[in-house]
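Heads up: the structure comes next, in C-alpha cells.
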There are 2 protein chains.
Amino acid sequence: MSSDRKQRTDGVRTREAIVREAVSLATVDGLEGLSIGNLAHALDMSKSGIYAHFGSKQDLQLATVDEAARIFHSEVIEPALAAPAGLDQVVAVCDAFFDHLGRRTFPGGCFFAGAVLEMGTRPGPVKEQIAEFQTGFTAVIRQFVVTAIDRHQLPDDVDPDALAFELNGIILATNAHFVIHQDPAVLEMAKQVVRRRVGVTTTTSSG
Amino acid sequence: MSSDRKQRTDGVRTREAIVREAVSLATVDGLEGLSIGNLAHALDMSKSGIYAHFGSKQDLQLATVDEAARIFHSEVIEPALAAPAGLDQVVAVCDAFFDHLGRRTFPGGCFFAGAVLEMGTRPGPVKEQIAEFQTGFTAVIRQFVVTAIDRHQLPDDVDPDALAFELNGIILATNAHFVIHQDPAVLEMAKQVVRRRVGVTTTTSSG
DNA sequence: CCTACCGATCGGTAGG
DNA sequence: CCTACCGATCGGTAGG
C-alpha cells in the first residue's frame, strides 16, 4: 500500500524530472533537436527509461511544451495578476517577462519565442499547442490593456490589439537581444521603453 | 580557354545553387538541422558534391548566413535606401520587411529572426556572423530615425535607440505571428502600427 | 562531381 | 527502469 504509493510518487517525480530537463535542453537544441539519447544521458538513465514515460518523441514534445507553459504561467502571468488591475498589470507582465529572462530560467531565453519560429513550418499537434499558447499570451496582454482603458489610465482611442502587439514586439526584441548578446543591460532598457510607451513615469522597481 | 571559363562558371553556379537551397532549407530545419544529405537530395546530387564546394558543415553554415544577408540586403535594406531620406526611410524599411515576408521568400519567414534564437547558445564564428548582422540592421533603423529627428520629422526628445528597438520589436512580432498563423492580414496591421507609432497618417501603399 | 565507405547517433522496439 | 538490438541517417573521408 505505502510501497505502491511510493512507487507511483517516484514515477511521477521521474517524469517531472524528465520533462523539466527536456524544457531546458529544448531551449538550446530546439524541440526537434532535442534527442532521447541526449536527454537520457543528462538524467543519467537509459533511453528506454525515457520511453517508459513517453511513447514517442512527439509525446515527449507535447509534455515538454506543456511544462514550459506551466513555468511561463508561474513566472510571468501570475506575478502580473498579483499587481493592481489596469495599467499596473500591463507594466507588470512585461517586467515579469524581463525578470524571467534575467534570472536565466533557461539557457536559450524564452522557450516559446524559439518554439514558435522552429515549429511554425511543422504542422501537427505540437505546433497547434504552441500557437494556442501564443494566442493566449497575446490575449492576456490585450485584456490588461482593455482594463487600463476602461479605468481611463490609457486614452480612449488606444487600439488594444495594436498596443498588445507592440508590447509583444518589445518582449520579443528584448529576448532576441538578450540571447544573442548576453547583455543584461537590455532588460533595464526594455523596462523603460515599456513605461514610456504606455505613459508611465515611475522608475523601475525590480530586476 | 573558353572551356576553362565555362567550368569555372558552372562551378560558381553550382555553388550559388547550393547556398540558395541551403538558406531556404535552414529557415525550415534551422542551421543545425540543415543536413548535407538533405541538401544534396534537394539538389539531386551526392553528399560529396556538396563537400566539393564546402570543407565542412560549418563552412556551409557560414556561406549560408552570408547568402541570407545578401538576400535580406537586396529585399529589405535597398528598397528602404531608395526612399527619400528621413521618416520615409523609417517607414520604408519596415514596409520592405513586411513585403519580404508577404512574398514568402523563405518558407520559415525571416531567416535571421530564427537564426538569432537558434545560434544564440552556440558560441563560434556562425553565431558571431549572425550577431553582427543583427547589430548592423538595428544600426540601419537607428540611423534612419536619427535623420528623421535631424529633419524635424520626429520630435527632438525621441530616443533613437529606443525607437529603433521598438520598430525591431514590431518586425519580430509580425514575423512570429505570420510564421505560426500563416496570416497575411498581420502584414497590413503591422504597417499601420508602424505608421501610428512614428506619427505618419498616410495610408498603406504596398503589399 | 561520383561511389563506397567510416564510426556515431537518431527514434524506436523486444524482452525482461 | 535495464541491456541489446533494429534500420536509417548524421558529418565526413578515400579514391577516383
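The values are calculated or read from the model by the stated rules, or taken from the named source; none is laboratory data. Worth saying up front: this structure is predicted, and the values here are computed from it rather than measured. Positions of Cβ are backbone-derived with ideal geometry, glycine not excepted, and every protein chain shown enters the neighbour counts.
Identify the residue in region B:31-57 that is touching a Gly at 6+ places or on another chain (Cβ under 9 Å) and within 14 Å of chain A (Cβ to nearest Cβ) and, among all such residues, is farthest from DNA strand C (Cβ to nearest atom). Once the filter is applied, the top-ranked residue is B:LEU31. Give me the residue from region A:20-41 that is without any contact (Cβ under 8 Å) to a residue 24 or more places away in the chain and within 12 Å of DNA strand D (Cβ to nearest atom) and, out of that set, surrounded by the most Cβ atoms within 10 Å (Cβ to Cβ). Here the answer is A:LEU39. Residues of region B:106-135 that are small (Gly, Ala, Ser) and exposed (fewer than 14 other Cβ atoms within 10 Å of the Cβ): B:GLY124 alone. Just one of (1) in a helix (DSSP H, G or I); (2) at pLDDT below 95 fails for B:ASP66. It is (2).
Kindly establish whether B:GLN134 is within 17 Å of A:ALA113 (Cβ to Cβ), in a helix (DSSP H, G or I) and polar (S, T, N, Q). When the stated conditions are applied, B:GLN134 passes them.
Can you tell which of A:LEU60, A:LEU25 is within 8 Å of DNA strand C (Cβ to nearest atom), within 21 Å of A:GLN134 (Cα to Cα) and at pLDDT 95 or above?
Exactly one of A:LEU60, A:LEU25 is within 8 Å of DNA strand C (Cβ to nearest atom), within 21 Å of A:GLN134 (Cα to Cα) and at pLDDT 95 or above, namely A:LEU60.
Look at B:SER74 and say whether it is within 14 Å of chain A (Cβ to nearest Cβ) and more than 9 Å from DNA strand D (Cβ to nearest atom). So B:SER74 fails the test.
Only a single criterion out of (1) more than 8 Å from every other protein chain (Cβ to nearest Cβ); (2) under 30 Å from A:THR121 (Cα atoms); (3) of a type in the set (Val, Ile, Thr) is not satisfied by B:VAL145, namely (2). A count restricted to region B:30-44 and to residues that are touching a Ser or Thr at 6+ places or on another chain (Cβ under 8 Å) and part of a loop (DSSP other than H, G, I, E, B) stands at 1. On the given criteria, is B:LEU117 within 16 Å of DNA strand C (Cβ to nearest atom) and in contact with a Gly (Cβ under 9 Å, 6 or more places away or on another chain)? Criteria not met by B:LEU117.
Give the residues of region A:105-144 that are among the small types (Gly, Ala, Ser) and closer than 24 Å to A:PRO184 by Cα, sorted by residue number. A:GLY108, A:GLY109, A:ALA113, A:GLY114, A:ALA115, listed by residue number.
State yes or no: is A:VAL91 buried (at least 17 other Cβ atoms within 10 Å of the Cβ), more than 12 Å from DNA strand D (Cβ to nearest atom) and β-branched (Val, Ile, Thr)? Here the answer is yes, as A:VAL91 does meet what is asked.
Within region B:189-201, the set of residues being part of a helix (DSSP H, G or I) and either aliphatic (A, V, I, L, M) or modelled with pLDDT under 95 (or both) comprises B:MET189, B:ALA190, B:VAL193, B:VAL194, B:VAL198. Reported count of residues in region B:160-188, each being more than 7 Å from chain A (Cβ to nearest Cβ) and either touching a Pro at 6+ places or on another chain (Cβ under 9 Å) or assigned to a helix (DSSP H, G or I) (or both), is 14.
Only a single item in (1) under 18 Å from B:ILE130 (Cβ atoms); (2) surrounded by fewer than 16 Cβ atoms within 10 Å (Cβ to Cβ); (3) more than 16 Å from DNA strand C (Cβ to nearest atom) is not met by B:VAL76, and it is number (2). Does B:THR14 satisfy being surrounded by 13 or more Cβ atoms within 10 Å (Cβ to Cβ), in a helix (DSSP H, G or I), of a type outside the set (Gly, Ala, Ser) and within 13 Å of DNA strand C (Cβ to nearest atom)? Yes: the conditions hold for B:THR14.
A search for C-beta distances below 9 Å between a residue of region B:122-150 that is at negative phi and any residue that is at pLDDT 95 or above and hydroxyl-bearing (Ser, Thr, Tyr), counting only pairs 6+ apart in sequence or on different chains, returns B:VAL126/B:THR64; B:LYS127/B:THR121. Being in contact (Cβ under 8 Å) with a residue 40 or more places away in the chain and more than 18 Å from B:GLY109 (Cβ to Cβ) holds for only one residue in B:ASP66, B:ASP44, and it is B:ASP66. Could you list, in sequence order, the residues of region A:92-109 that are more than 14 Å from chain B (Cβ to nearest Cβ) and assigned to a loop (DSSP other than H, G, I, E, B)? Once the filter is applied, which keeps residues that are more than 14 Å from chain B (Cβ to nearest Cβ) and assigned to a loop (DSSP other than H, G, I, E, B), region A:92-109 yields only A:ARG103.
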